[in-house]
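Before any comments, here is the structure.
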Amino acid sequence: MKYAKLKKLNNEIAEKFIHKELVLGDGKEDSIIMMIGEAPGAKEVEYKKPFVGSAGKYLDEFLSILNLDKDKLYITNTVKFRPTKEGKRPGTKTNRAPNKNEIEEFKGFLLEEIDIINPKIIVTLGNVPLKTLLNDDEISIGNTHGNKLFIKIKEVEYIIFPLYHPAAVIYRRELKEVYLKDLKKLADLLIDI
């Protein structure tokens, strides 16, 4: 049932964004944790899977600290294609944050995806998924990371657990300790579920 709904949703996304290289959600439909990133990067587009490459190393650490099998996790992104800008060298592309229009185009799909998966906990990585789900441009990961928040989608209440995006931890080493402490809090939260 969930598989069929997810397949239908993914087909709708593929039809709407026919000219984009998409990276759709990945994982078991009955996962207890849904992890939501901002948008895929170059490696994700290459492999057609979210959280591979350097982000994948942090995913492995995430799973290890939580003592969680990957099949208990469903991973997706707020925007399902790679937003890019011109790189420093001519003809190259680099990642950029998705803009408001791109986020809005995918928001309904993301909410539907959450409704189908119906996870016990939604882990948002960085500001983009956090702001998108809470519909709040003022909220920031710096003020909310490691704290349990709640949202309602189609009359169902979900727990949101905001974490810094692994890329932020890669570029700002001082966040590593904060990130690890937040993961320990998440591990404790999972014990209660």
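The values are calculated or read from the model by the stated rules, or taken from the named source; none is laboratory data. Owing to the predicted nature of the structure, the values given are computational and were not obtained by experimental measurement. When we count neighbours, we look across all protein chains shown, and the Cβ atoms used for this are built from the backbone with ideal geometry, even at glycine. With ligands, DNA and RNA removed, areas are computed over all heavy atoms of the protein, side chains included. Shrake-Rupley method; radii C 1.70, N 1.55, O 1.52, S 1.80 Å.
Annotations for the structure displayed:
- Hydrodynamic radius of the chain per Kirkwood, over alpha carbon pairs, in Å: 16.9 Å
- Antiparallel DSSP beta bridges within segment 91-185, percent to nearest 5: 50 percent
- Measuring nothing but how far apart in sequence close Cα pairs (under 8 Å, 6+ apart) lie, relative to its length, the chain scores a relative contact order of 23 percent.
- Accessible surface calculations at 1.4 Å, restricted to protein heavy atoms, place the chain at 54 Å² per residue.
- Stretch gain in nm, segment Lys43-Lys107, where the contour uses 0.36 nm per residue and the Cα spacing is subtracted: 20.7 nm
- Inter-label distance, Ser140 to Asp30: 4.2 nm, where each label sits 7 Å from its Cα along the C-beta direction.
- For Phe106, the shell of other residues with beta-carbons less than 12 Å away shows a net charge of -2, using +1 for Lys and Arg and -1 for Asp and Glu.
- Loop-resident GluC sites (Glu not before Pro) (DSSP state other than H, G, I, E or B) in segment 58-128 with no more than 10 further Cβ atoms inside 10 Å of their Cβ are absent.
- Spin-label model distance (nm) - Glu157 vs Arg173, 7 Å beyond Cα toward Cβ: 4.3 nm
- Prolate/oblate/rounded call for segment 1-102, Cα gyration tensor, a/c under 1.5 rounded: oblate
- FRET E, pair Ala14, Lys93, Förster distance 25 Å, beta-carbon r, rounded to 0.05: 0.70
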